[in-house]
Amino acid sequence: MLSESERKKAAQLLITAEAERKPMLQLSKTWPHITIEDAYAIQTEIVRHKLAGGAKIIGHKIGLTSKAMQQSSQIDEPDYGHLLDYMMVNDGAKVSHANYCVPRAEVEFAFVLGKPLKGPGVGLLDVLRATEYVVPSIEIIDARVENPRKIFDTIADNAAAAGIVMGGRPVGPNEIDFRWAGGIMYRNSEIEETGLGAGVLGHPAMAIAWLANKLSKFDVTLEPGHIMLSGSFTRPVWANKNDTLHADFGPLGCVSVQFV
């Protein structure tokens, strides 16, 4: 386990890497004795720094919830990060590629809560009852840590959270069976990835249940109005300069973002 000073140093290194748009050496190499507890403490320190600078928490993201994502990251357990207001990107917007280190994009369902949700013991039906609506989204992820990353590295790096693009048609949590809701990710008109919501722990809502139960040990409640990104059900797609990423969710609509 790291000392408090080592945690603060690690957090500052990640803050600097994000500011300079240059991935840093893995924390797991600098501190081989780092633990999961250390990694979340480092993430919390970074979020505290962001809040002190005026940012606001607008929700959480759950990552590594599908086999596709776990295999692409060589990590076999979910993680979570914080979503902050400055990460919001308008559907169809042009964003500067230079604002990121190595951006990638994922297709996800965003659950927007209408009621508070707190574990332990939260299950699928609890999440559906607490959800106001679900909307298609693209998550922009970015690695401020060099490859190959371990679970400690990605957790400390706020689970690679970098941007959220929400669009399409919001639907009630019981309007459709989200296990069978699918998405197609295009890059510059070419299909790169396809998948179904069931790829996320059997049902995307189960990711939010996992998070509520995980955070219960810290006495954290998932708040009404907050956005919960349930995790990608496909592998991430690289976003190069001048690429347009377009996610087609069929009857739920489309979401797109362009990197310039």
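Checking every one of the GluC sites (Glu not before Pro) in segment 126-202 against DSSP loop status and a limit of 16 other Cβ atoms within 10 Å picks out 146, 175.
Projected over all directions and averaged, the alpha-carbon convex hull of segment 4-259 occupies 12.3 nm².
Bear in mind that the values in this text are calculations on the coordinates, not laboratory data. Just so it is clear, the model here is predicted, and its values are computed rather than measured. Neighbour counts are summed over all protein chains in view; Cβ atoms, including those assigned to glycine, are modelled from backbone coordinates with ideal geometry.
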